[in-house]
There are 4 protein chains.
Amino acid sequence: MTTEWVLTLSCPDRPGIVHAVAGTLAEHGGNITESQQFGDPASGLFFMRVQVEASTGRDELVAALTPVAERFAMTWELDVVGRRLRTLVLVSKAAHCLVDLLYRERYQGMPVEVVGVVGNHPDLADMAEFYGKPFHHVPVTKDTKAAAEGRLRDLVAELDVELVVLARYMQILSDELCRDLEGKVINIHHSFLPSFKGARPYAQAHDRGVKLIGATSHYVTGDLDEGPIIEQDVERVDHSRAVADLVALGEDVERRTLARAVRWHAEHRVLLDGHRTVVFR
Amino acid sequence: MTTEWVLTLSCPDRPGIVHAVAGTLAEHGGNITESQQFGDPASGLFFMRVQVEASTGRDELVAALTPVAERFAMTWELDVVGRRLRTLVLVSKAAHCLVDLLYRERYQGMPVEVVGVVGNHPDLADMAEFYGKPFHHVPVTKDTKAAAEGRLRDLVAELDVELVVLARYMQILSDELCRDLEGKVINIHHSFLPSFKGARPYAQAHDRGVKLIGATSHYVTGDLDEGPIIEQDVERVDHSRAVADLVALGEDVERRTLARAVRWHAEHRVLLDGHRTVVFR
Amino acid sequence: MTTEWVLTLSCPDRPGIVHAVAGTLAEHGGNITESQQFGDPASGLFFMRVQVEASTGRDELVAALTPVAERFAMTWELDVVGRRLRTLVLVSKAAHCLVDLLYRERYQGMPVEVVGVVGNHPDLADMAEFYGKPFHHVPVTKDTKAAAEGRLRDLVAELDVELVVLARYMQILSDELCRDLEGKVINIHHSFLPSFKGARPYAQAHDRGVKLIGATSHYVTGDLDEGPIIEQDVERVDHSRAVADLVALGEDVERRTLARAVRWHAEHRVLLDGHRTVVFR
Amino acid sequence: MTTEWVLTLSCPDRPGIVHAVAGTLAEHGGNITESQQFGDPASGLFFMRVQVEASTGRDELVAALTPVAERFAMTWELDVVGRRLRTLVLVSKAAHCLVDLLYRERYQGMPVEVVGVVGNHPDLADMAEFYGKPFHHVPVTKDTKAAAEGRLRDLVAELDVELVVLARYMQILSDELCRDLEGKVINIHHSFLPSFKGARPYAQAHDRGVKLIGATSHYVTGDLDEGPIIEQDVERVDHSRAVADLVALGEDVERRTLARAVRWHAEHRVLLDGHRTVVFR
């Protein structure tokens, strides 16, 4: 029986990496179906993503790859193509991102399994439940913020969560939580970062009279609105659009930008290169 | 004999403006071929652009429109559709914007007449001359900056210049000159403003790891990189692009963004609404 | 009390139309907030869409406009801005367009009221019901086609349907039904028409090796895939995409193309100009 | 001294190809800087493009790769990265594509060397000469068509032409010439193929009322407008655009579509997969 594996790795760049990896995979009967590499002259790092069909088991593959990984000082990961990442979605009142993610899981084969939805408001409980997802109402006030974050940590642990998606979640996570979940939390920011950081970006955009509005999906770090960017997109607007129109128009670009970032992350297409990302689409 | 006129106006918004204008034009035999209006709730201003065919002469039309304009406290302008604006282009070493503007004047009927090209470097003299444009080499150093600006003022006066285009001109105009030519100077900034203001925007963009690079064409005011935006556009990039690649890719988005802004300005499609623009495309 | 009205009209082009309409509206206390005109030299027709605030009632406005309409031989329509069009959505098994339309009605203020969903398969009943929409399962076989179409006609009549949306409905309506509902049925075709007419357009597109796939939303006429186009959009693809990928990628461009067409139709922004459309966005 | 080589290959897909190629390159001191692969399930073919830095000479690399190529029955090519392809550009009267190609060669480092420009009209001689390119006026009438084509063949031979670009050349090449130059002639067609094949595509597009116009760059085969597509792009239009506007707007999308196709071809990024192309961007 054949499995399709996806191997991702990064390491200091030097000759022989592709040959060593391809050779190890070939020795164990692997047939490479898709492969991408990138050497970043700025960071001196090399990045690779390989999909390979093999009848070899996970343990055998890991055993074969470990010495190669050690020799080249690789950070690496091996997963089964299409395995669905256990995902927790955090929302407030805005529906558009949640609706789109649940639709894409159920109808479009996006490789995530939403194992729960957390809302600091109860508004989206019915949507979560329609898609068969447990909804957790975790209100946040100044006084309960620490307790609420404790509840989030518990859910991440109990549900074996691999990915947290902030789907227009209007609360700021603590630096400590951001650090503990680094590389596992994806946010959608409703502007073309680094333009219009901070609050009310559409009002800022309207005030500045821009001709395109944008959205940015990025990993969350302690440094608000400064995490590594995964995907950005824009939508054309004109003078006739009021702030409320920008908000409504922005929903489309937000949901598609977030959906692409989540899909690419779940397909192991996004690798970290310092505070930048390599995205093998 | 029939002429096609373009009338642009702005004034405080109140009922009856369209009716008064359309009525005055109809009384003088005008047939409206294109018309756009916009009332800005934020500024309380009303904007209108009308193209009208009429056999009436300019004096008669102005005489007819003047009382209407006074009644509604209009800022207004009347021009012949397609009249070419006398334009001075300022350049440094980069060719892409100049090449594109001269091509569009000669081959694409963009309604500008470039009456001269000024370069603080001599590199683009041959291109200007190929298109039959006088090239003025006006070097700028710290010591000669004031004199150079005097030369610019002289050229604007001598050549009856109506529009100045900064086509990747790498010198900053003085506040005084900016104020004196307000509304008549269009710049192309090589970033998606307000992101990456200031120097070396592509290096900033690369460092931030953005997934789209952009360009912004705007009127020049004393406040650097803050003038009213006319047009913006973006181009998709990925992790594999070095700073030099972003610069080269950026040239395409810069030249098309600037060309649109210049064309719309020359067609009297851009009206000022405070520090924002109304663009009737 | 003030109402915002939207007036749309078309008529043979001649001088004085704007003046006559604006004058009539002004006489009845109307304040024009948005207005667009277009004269088509090819067909000789003039098109106009006006939004006007007035405290006048419908009867008074109709009485005032009727003589103007007669004088210029106008086809015209007057509606309240934002009134929701009674809409019937027809589906088969594919969910993406239905999910998007129901989401946009509920969360994005798209001015339609879906009064029922008809499926020739039962698959999407749960989605319709989640959004509180009656679902009618009307199977279609060769033998029952006429009866099924009778059922559609009954639903259109019983529910006072103003707009029928074919949201990836995989059955072809009879010529007679198309004619009877002309101008009231919007379809989404999964190709960039007129490329790849007929069945399996994504397989055709893959076979031809195109670099962009598209979707076309159009009014349905008896002439299959030939009705007036309202909106088109495309998505970039490359050699690595199999037919199944094109189908999945195509869902995004289909749903947004259809949503725009439905919104513009419901906002009375689409006027017929022979077998072409004028879209006042 | 190090050279950067680009190796492109295609062959029947089977395990071990990447390993064999990477191994051979590694044995000869090559360091892979960029590599892309694709296996086409439809055709059963495997495609690969590798950029590799090596101090090895051409003969040694060819000798090392030849047995690998034979073992896997590869079609393959080895070139130096950045070597400029000797290119002949054919034009008629329209300037936009020629202007853009010459600009990109001179200012943007596009790896072509235009060794001559052929026009069946003399209009563009001055542009060619400004860029220092010999212009050959080869008029074509019904009677001189064969002789003119003979002149083209002579120029291709005399000038060691590797690539012929039809930059809005309004003559049809004979089937025989197409076959003889197969894979070496790139055309720009002014529609989104397969829509609007044949003459006057913008008039056809206007008549159909499309909302996007497009351009297609493709290899020329004997089968007119049916050669393998390299690149396509579109531009948004609306009802207000007459045929002449579509032609002018189309020039922008034509020149950028053709420029991308020529660049990718010259960078050895385009591989033939039957009547489709694999483009490793």
The long-range amide H neighbours of B:L193, using H built 1.01 Å from N in the peptide plane and a cut-off of under 5 Å, are B:T216
In the neighbourhood of A:F72 defined by beta carbon distances under 13 Å, the net charge of the other residues (Lys, Arg +1; Asp, Glu -1) is 0
In whole angstrom, largest first, the equivalent ellipsoid semi-axes that the Cα gyration tensor gives for the range B:69-124 are 32, 15, 8
Of all lysine pairs in the range A:127-265 that are eight or more residues apart or on different chains, those with Cα atoms under 30 Å apart total 9
Output field shielding_mean for C:28-37 (other chain Cβ, 10 Å radius) holds 5
Compactness summary of the range B:229-281: radius of gyration and Dmax from Cα atoms, Å, are 14.2, 41
Shielding of A:14-25 by other chains, given as the mean Cβ count within 10 Å, works out to 6
Inter-copy distances for A:R58, nm, shortest first, label points 7 Å along Cα→Cβ, are 5.1, 6.5, 8.1
For the range A:145-198, averaging the sequence separation of alpha carbon pairs under 8 Å that lie six or more residues apart and dividing by its residue count, the contact order in percent is 34
Whole-Hz Karplus couplings 3J(HN,Hα) for the range D:175-189, θ = phi - 60° and coefficients 6.51, -1.76, 1.60, Gly and Pro as x, run 3, 5, 5, 4, 5, 5, 9, 3, x, 10, 10, 10, 10, 10, 9
Computed over the range A:20-69, the convex hull of the Cα set has an average projected area, in nm², of 3.7
The chain B residue whose Cβ lies closest to the rotation axis carrying chain B onto chain D, with that distance rounded to whole Å, is B:F130, 2
The range B:149-278: Kirkwood hydrodynamic radius (Cα pairs, Å) comes out at 15.3
at B:G82 the sorted inter-copy label distances (label 7 Å from Cα on Cβ side), in nanometres, are 4.4, 4.9, 6.2
Under the helix-only model (-39500 (n - 2.57) for each DSSP H run of 4 or more, divided by the residues of chain B), the mean residue ellipticity at 222 nm, to 500 deg cm²/dmol, is -10500 deg cm²/dmol
The local net charge around A:F38, scoring Lys/Arg +1 and Asp/Glu -1 for residues other than A:F38 whose Cβ lies under 10 Å from its Cβ, equals -4
Note on chain D: alpha-carbon gyration tensor, axes a ≥ b ≥ c; rule is a/c under 1.5 for rounded, else prolate if a/b larger than b/c, else oblate; result prolate
Toy charge model, Lys and Arg Cβ at +1, Asp and Glu Cβ at -1: chain B dipole around Cα centroid in debye, rounded to 20, equals 560
With the label point 7 Å along the Cα-to-beta-carbon line of B:A64 and a cut-off under 19 Å to each amide N, the hits in the range C:1-42 are C:14-24
The simple spin-label model distance between C:S55 and B:R153, using points 7 Å out along Cα→Cβ, in nm, is 5.6
Expected max-MSF residue from D:R269, D:R151, D:R260 in the GNM of chain D (alpha carbon, under 10 Å) is D:R151
Diffing the range B:253-265: the Karplus 3J(HN,Hα) column from phi (6.51, -1.76, 1.60, θ = phi - 60°), in whole Hz with x for Gly and Pro, holds 6, 5, 5, 6, 5, 5, 4, 5, 4, 5, 4, 5, 4
Taking Cα atoms, the helix A:145-158 axis meets the longest principal axis of chain A at an angle in degrees (rounded to 10) of 30
The equivalent-ellipsoid semi-axes of the range C:5-127, taken as the square roots of five times the Cα gyration tensor eigenvalues and listed largest first in whole Å, are 37, 18, 12
Taking only the alpha carbons of the range C:106-204, the radius of gyration and the largest Cα-Cα distance, Dmax, both in angstrom, are 14.6, 40
Copies of C:D126 compared via label points 7 Å along Cα→Cβ give distances in nm, shortest first, of 1.8, 7.1, 7.1
Longest chain B segment clear of GluC sites (Glu not before Pro) sitting in DSSP loops (not H, G, I, E or B) with at most 16 other Cβ atoms within 10 Å runs B:1-181
So the angle from the long Cα axis of helix D:96-107 to the longest Cα principal axis of chain D, reported in degrees to the nearest 10, equals 40
Per GNM of chain D with C-alpha springs under 10 angstrom, the most fluctuating residue out of D:K142, D:K133, D:K184 is D:K142
Given backbone amide H placed at 1.01 Å from N, residues whose amide H is under 5 Å from that of B:D273, ignoring those fewer than 5 places away on the same chain, are B:V278
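Is there a quick way to get the dipole size of the protein assembly as shown? I mean about its Cα centre, with the Cβ of Lys and Arg at +1 and of Asp and Glu at -1; what is the value in debye to the nearest 20? All intermediate terms of the calculation are to be shown ahead of the outcome.
On the way: 124 positive and 164 negative charges, 1 e Å.
Magnitude of the dipole: close to 0 debye.
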All alpha-carbon distances of the range A:57-100, grouped into 5 Å bins from 0, give the whole-percent distribution 5, 14, 17, 13, 11, 10, 8, 9, 9, 4
Once normalised by the length of the range B:3-94, the mean sequence separation of its alpha carbon contacts under 8 Å that are 6 or more apart gives a contact order in percent of 43
Longest principal axis of chain B (C-alpha) makes with the long axis of helix B:17-27 (C-alpha) an angle, in degrees to the nearest 10, of 70
Residues whose built amide H sits under 5 Å from the amide H of C:T221, excluding neighbours closer than 5 in sequence, are C:E226, C:G227
The alpha-carbon pair-distance distribution computed for the protein assembly as shown, with 10 angstrom bins and whole-percent values, is 2, 9, 16, 22, 22, 17, 9, 3, 1, 0
The range C:141-218 and the range B:228-277 have their Cα centres apart by a whole-number Å value of 40
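One-quarter of the Cα convex hull surface for the range B:2-48, in nm²?
Computing the convex hull of the Cα atoms and averaging its projections yields 3.3 nm².
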For the range A:97-164, Rg(Cα) over 2.2 N^0.38 Å is 1.17
Connecting every pair of Cα atoms under 10 Å apart in chain B and solving the GNM, the largest mean-square fluctuation among B:H137, B:H265, B:H218 falls on B:H137
Reduced to Cα centres, the span from the range B:70-137 to the range B:34-66 in Å works out to 26
Listing D:Y107, C:Y103 by rising number of other beta-carbon atoms within 10 angstrom, fewest first, gives D:Y107, C:Y103
Mean per-residue count of partner chain Cβ within 10 Å for C:269-281 equals 3
The farthest towards the positive end of the charge dipole of the range B:123-281, of the residues B:M170, B:L212, B:V185, given +1 on Cβ of Lys and Arg and -1 on Cβ of Asp and Glu, is B:L212
Once normalised by the length of chain B, the mean sequence separation of its alpha carbon contacts under 8 Å that are 6 or more apart gives a contact order in percent of 16
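No value in this document is a laboratory result; all are computed from the given coordinates. Values in this document were obtained by computation on a predicted structure and should not be read as measured data. Ideal geometry is used to build each Cβ from the backbone, glycine not excepted, and the neighbour counts take in all protein chains shown.
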